[in-house]
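Input: a single structure, listed below in structure tokens.
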Amino acid sequence: MESFGYERMTAVQRRSFGPILGGGELLARAKTGSGKTLSFLLPAVERIHRQLDGEVQPGGVVMLVLTPVRELSMQVAKEAEKLTSFYGSCRMVCMTGGVPWEEDLKSLDEGQGAVLLVATPGRLQSHVAKTEGFAARLRRVRILVLDEVDQLASETFRAATLEIAAALPPCSERQGLFYSATVSDAVHGLVRQIGRGDGLAFVDVIQSDEVVVPEHIDQYYSLVPTERMTECLWRFLQSHAKPDFKAVAIFMTGRIAAYYAEAFRKAGTDLAVFEIHARRSQKQRTEESERFRAAERGVLFTSDVSSRGLDYPGVTHVVQMGAAHSKAEYIHRLGRCGRAGAKGHGLLLLHDFEEGFLEQLSDLEIMEEPLSQMTEDLPDFIKMPIAKNVKAQAYYSRINHVMRNSTADLLEIMREAHRFARSIGATDEEDRPPEITVENAQKMGVAEIQDVPGTVEHRVVTVKLVPDHNFPYHDPVRGPRWKGYQDDLLDDALRSSEGPGKRPPLAELRHENFMRGFRHLQPGAVVQPGKDDFARPLPPKRRLPETPRTSPLKVAPRDSGDALHTFASWLVDCP
Ligand SMILES: Nc1ncnc2c1ncn2[C@@H]1O[C@H](COP(=O)(O)OP(=O)(O)OP(=O)(O)O)[C@@H](O)[C@H]1O
């Protein structure tokens with residue numbers, strides 16, 4: 001403990017060390033931020049060190065730690081690395097999604113000795129199923145740790161966790177350690193399936209009559225009309241933004257977090273804005289995570305990928321933008337602040353339709369923060385220049401999220417989502433929210449409902465590409481390519497009607513593309529791809545002479561080098 005700079009053990013550490021060193025199985029429940037990571041890592045590595053007798057093959061895994069989220073795996077891996085380098089008897093390897101597959105195998109193979117593997121279930125399950133010889137490398141696992149076990153026991157991770165456990169030695173030959181701040185019935189079920197059954201110790205550092213939220217975290221909530229959510233978040237962040245203010249704001253989905261991060265940046269907050277969610281590449285997520293860890297001040301805009309286990313030093317505030325899936329999830333989210341005995345402050349901004357969630361929190365000390373009067377001194381979030389696509393995606397993802405998590409009437413959900421669309425400036429001049437195609441409406445179960453805002457008829461529009469010059473670049477295999485999502489649009493359109501080896505004269509622009517900014521496209525409109533607003537017709541003077549409907553597509557010859565200059569226009573005729 002001293003090498004980690006700690007004077008004394010926390011309660012969960014004190015009570016875990018003995019049973020783990022003794023080889024027993026353990027289910028442990030302790031508050032967020034109470035030092036659970038070291039409470040399993042330290043005695044487990046010590047035990048492995050004592051047991052290792054040189055018989056393990058290079059690349060063989062002796063200890064496996066599963067965590068549900070990539071960033072959490074990386075965080076646990078860092079602690080594990082400190083310990084393994086101290087003991088020297090095994091080395092740490094971390095495997096998560098978002099990293100090239102071959103790198104996993106390389107890191108297993110390079111280096112001497114047994115491996116302490118920290119991994120997310122998805123990546124490991126894929127290796128077990130697809131990588132030749134991988135399961136064999138797991139046959140010597142002596143200690144299995146499930147960190148955030150109640151999430152690993154949830155529907156999302158349970159199957160993968162069981163499949164991985166099936167590749168390990170029988171439970172009589174390994175030790176299972178199961179940790180979380182909250183323990184559900186599903187956890188007991190999973191532990192029964194994976195563990196030995198007999199002799200499981202339950203280290204419960206939270207007494208049954210005690211509240212599981214650390215006492216030094218103040219909790220507040222406000223009931224907020226959808227239209228005022230952004231304003232409330234803005235005011236909260238601006239009014240608390242002292243020099244050491246460091247906040248985590250958790251949104252319903254990654255796409256909503258992405259919209260807010262961009263909106264707050266553009267609104268000119270003086271707080272540094274960080275952004276972590278599943279819509280970013282793993283490289284971006286890792287870099288952002290490191291930056292936020294090192295930052296003294298700022299806000300992390302994120303989704304539930306950051307709600308568990310992550311230990312960002314110095315987080316003072318957590319804002320939850322909407323109800324959590326459950327009380328347990330609320331507690332995990334809140335636990336990103338007030339760690340290791342520090343003071344914390346949590347604010348839950350509940351949409352007006354989520355009031356019922358408060359019943360689940362009735363035994364917590366959570367106080368109402370009344371809404372302040374609305375004032376005018378705010379950035380204009382509705383007019384904020386943010387791509388239509390970003391707003392539309394936030395809107396779609398929000399509908400999906402609310403549908404999955406609410407029992408409300410579907411039409412009510414759509415109407416409320418319409419209010420959300422308005423509040424982020426995602427509606428058009430006629431107050432229509434982004435379009436939902438009939439196909440998607442069917443998937444969402446709203447196709448049969450009259451008056452669903454934004455639902456459109458299935459549309460397939462045949463477009464003619466009139467090539468000229470000005471393609472951004474020419475891909476030798478795929479032909480002319482645009483940049484950004486417009487690139488995908490053109491590409492989809494062409495791919496949908498490509499014959500073997502050559503492009504046909506006509507390409508179908510399918511209805512999906514209308515969701516992505518084509519709704520204003522009129523028959524005969526001429527637009528210039530690659531420009532800021534793809535769907536905006538060019539002024540009449542830029543119109544090209546109309547091409548006869550049946551004329552073949554003429555692809556301009558490549559002039560010089562890689563740059564094929566074309567001026568393109570789309571002639572559209574409805575079927
Ligand atoms: N004995 C100790 N004394 C002081 N600080 C400690 C001690 N052990 C761990 N810590 C620090 O406490 C913080 C929280 O630890 P950790 O991340 O393990 O919490 P946790 O209980 O796993 O939380 P969560 O439930 O959110 O996953 C970390 O910054 C860790 O370095």
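Could you say which residue among PHE357, PHE353 is among the aromatic types (Phe, Trp, Tyr) and touching a residue at least 40 places away in the same chain (Cβ under 8 Å)?
PHE353
If I go through region 347-377 residue by residue, how many of them are touching a strand residue (DSSP E or B) at 6+ places or on another chain (Cβ under 9 Å) and under 30 Å from ASP409 (Cα atoms)?
Number of matching residues: 18.
Could you go through region 12-35 and let me know if any residue there is of a type in the set (Phe, Trp, Tyr) and farther than 30 Å from GLY133 by Cα.
So far as region 12-35 goes, yes, one or more of its residues are of a type in the set (Phe, Trp, Tyr) and farther than 30 Å from GLY133 by Cα.
Considering region 329-341 alone, what residues qualify as being hydrophobic (A, V, I, L, M, F, W, C) and at pLDDT 90 or above?
Residues satisfying the conditions are ILE331, LEU334, CYS337.
Grab the helices (runs of 4 or more DSSP H) fully contained in region 134-195, keeping just those with 3 or more residues being under 28 Å from PRO214 (Cα atoms).
Hits in region 134-195: 149-152, 155-166, 185-194.
Please determine, by comparing only the residues of region 189-199 that are in contact (Cβ under 8 Å) with a residue 40 or more places away in the chain and over 20 Å from GLY309 (Cβ atoms), which one is surrounded by the fewest Cβ atoms within 10 Å (Cβ to Cβ).
So, considering only residues that are in contact (Cβ under 8 Å) with a residue 40 or more places away in the chain and over 20 Å from GLY309 (Cβ atoms), the one surrounded by the fewest Cβ atoms within 10 Å (Cβ to Cβ) is GLY199.
So which pairs qualify, if the first residue must be in region 107-130 and hydroxyl-bearing (Ser, Thr, Tyr), the second must be assigned to a loop (DSSP other than H, G, I, E, B), the Cβ gap must be under 7 Å, and the two must be at least 6 apart or on different chains?
THR120/THR67; THR120/PRO68; THR120/VAL69; THR120/THR96; THR120/GLY97
Within region 330-350, which residues are within 20 Å of the chain's Cα centre (by Cα), part of a helix (DSSP H, G or I) and within 12 Å of the ligand (Cβ to nearest atom)?
Result: ILE331, HIS332, ARG333, LEU334.
Need the failing condition index for PHE202 against (1) under 20 Å from VAL319 (Cβ atoms); (2) out of contact with any Cys (no Cβ under 8 Å at 6 or more places or on another chain); (3) touching a residue at least 24 places away in the same chain (Cβ under 8 Å); (4) surrounded by fewer than 19 Cβ atoms within 10 Å (Cβ to Cβ), just the number.
Of the numbered conditions (1) under 20 Å from VAL319 (Cβ atoms); (2) out of contact with any Cys (no Cβ under 8 Å at 6 or more places or on another chain); (3) touching a residue at least 24 places away in the same chain (Cβ under 8 Å); (4) surrounded by fewer than 19 Cβ atoms within 10 Å (Cβ to Cβ), the odd one out for PHE202 is (1).
So the check is Cβ under 9 Å with 6+ separation or different chains; which pairs have a first residue in region 323-339 that's in contact (Cβ under 8 Å) with a residue 12 or more places away in the chain and acidic (Asp, Glu) and a second one that's surrounded by fewer than 24 Cβ atoms within 10 Å (Cβ to Cβ) and not in a loop (DSSP other than H, G, I, E, B)?
So the pair list comes out as GLU329/ASP304.
List pairs: first residue in region 31-50 and farther than 14 Å from ARG15 by Cα, second residue β-branched (Val, Ile, Thr) and more than 14 Å from the ligand (Cβ to nearest atom) anywhere in the structure, Cβ distance under 6 angstrom, at least six positions apart or on different chains.
Listed by first residue and then by second, the contacts come to ILE48/VAL62.
Could you say whether any residue in region 261-276 is hydroxyl-bearing (Ser, Thr, Tyr) and without any contact (Cβ under 8 Å) to a residue 60 or more places away in the chain?
Checked region 261-276: at least one residue is hydroxyl-bearing (Ser, Thr, Tyr) and without any contact (Cβ under 8 Å) to a residue 60 or more places away in the chain.
Being part of a loop (DSSP other than H, G, I, E, B) and among the hydroxyl-bearing types (Ser, Thr, Tyr) is the filter; apply it to region 300-329 and report the residue that is farthest from LYS78 (Cα to Cα).
Applying the filter and picking the extreme gives SER326.
Determine whether region 148-157 contains at least one residue that is in contact (Cβ under 8 Å) with a residue 12 or more places away in the chain and among the charged types (D, E, K, R).
There is at least one residue in region 148-157 that is in contact (Cβ under 8 Å) with a residue 12 or more places away in the chain and among the charged types (D, E, K, R).
Determine which member of the set LEU124, LEU108, LEU116 is within 19 Å of PRO170 (Cβ to Cβ) and in contact with a strand residue (DSSP E or B) (Cβ under 9 Å, 6 or more places away or on another chain).
Among LEU124, LEU108, LEU116, only LEU124 is within 19 Å of PRO170 (Cβ to Cβ) and in contact with a strand residue (DSSP E or B) (Cβ under 9 Å, 6 or more places away or on another chain).
Looking only at region 147-187, how many residues end up being crowded, with 21+ Cβ neighbours inside 10 Å and away from the ligand (no atom under 16 Å from the Cβ)?
Residues in region 147-187 being crowded, with 21+ Cβ neighbours inside 10 Å and away from the ligand (no atom under 16 Å from the Cβ): 8 in total.
Can you tell me which residue among THR302, THR316 is within 16 Å of the ligand (Cβ to nearest atom), closer than 22 Å to HIS401 by Cβ and touching a residue at least 40 places away in the same chain (Cβ under 8 Å)?
Sole residue among the options that is within 16 Å of the ligand (Cβ to nearest atom), closer than 22 Å to HIS401 by Cβ and touching a residue at least 40 places away in the same chain (Cβ under 8 Å): THR302.
Can you tell me which residue among PHE264, PHE301, PHE236 is in contact with an Asp or Glu (Cβ under 6 Å, 6 or more places away or on another chain) and among the aromatic types (Phe, Trp, Tyr)?
PHE301
Exactly one condition in (1) away from the ligand (no atom under 16 Å from the Cβ); (2) outside any helix (DSSP H, G or I); (3) hydrophobic (A, V, I, L, M, F, W, C) is not met by ALA394; state its number.
(2)
Return a yes/no flag: does region 222-236 have any residue that is touching a residue at least 12 places away in the same chain (Cβ under 8 Å) and more than 30 Å from MET414 (Cβ to Cβ).
Looking for residues that are touching a residue at least 12 places away in the same chain (Cβ under 8 Å) and more than 30 Å from MET414 (Cβ to Cβ), one finds none in region 222-236, hence no.
Check VAL212 against each of (1) buried (at least 16 other Cβ atoms within 10 Å of the Cβ); (2) more than 15 Å from the ligand (Cβ to nearest atom); (3) in contact (Cβ under 8 Å) with a residue 60 or more places away in the chain and name the one condition it does not meet.
Failed condition: (2).
The values are calculated or read from the model by the stated rules, or taken from the named source; none is laboratory data. Predicted, not measured: the structure shown is a model, and the values here were computed from it. Backbone-built Cβ (ideal geometry, glycine too); neighbour counts: all protein chains shown.
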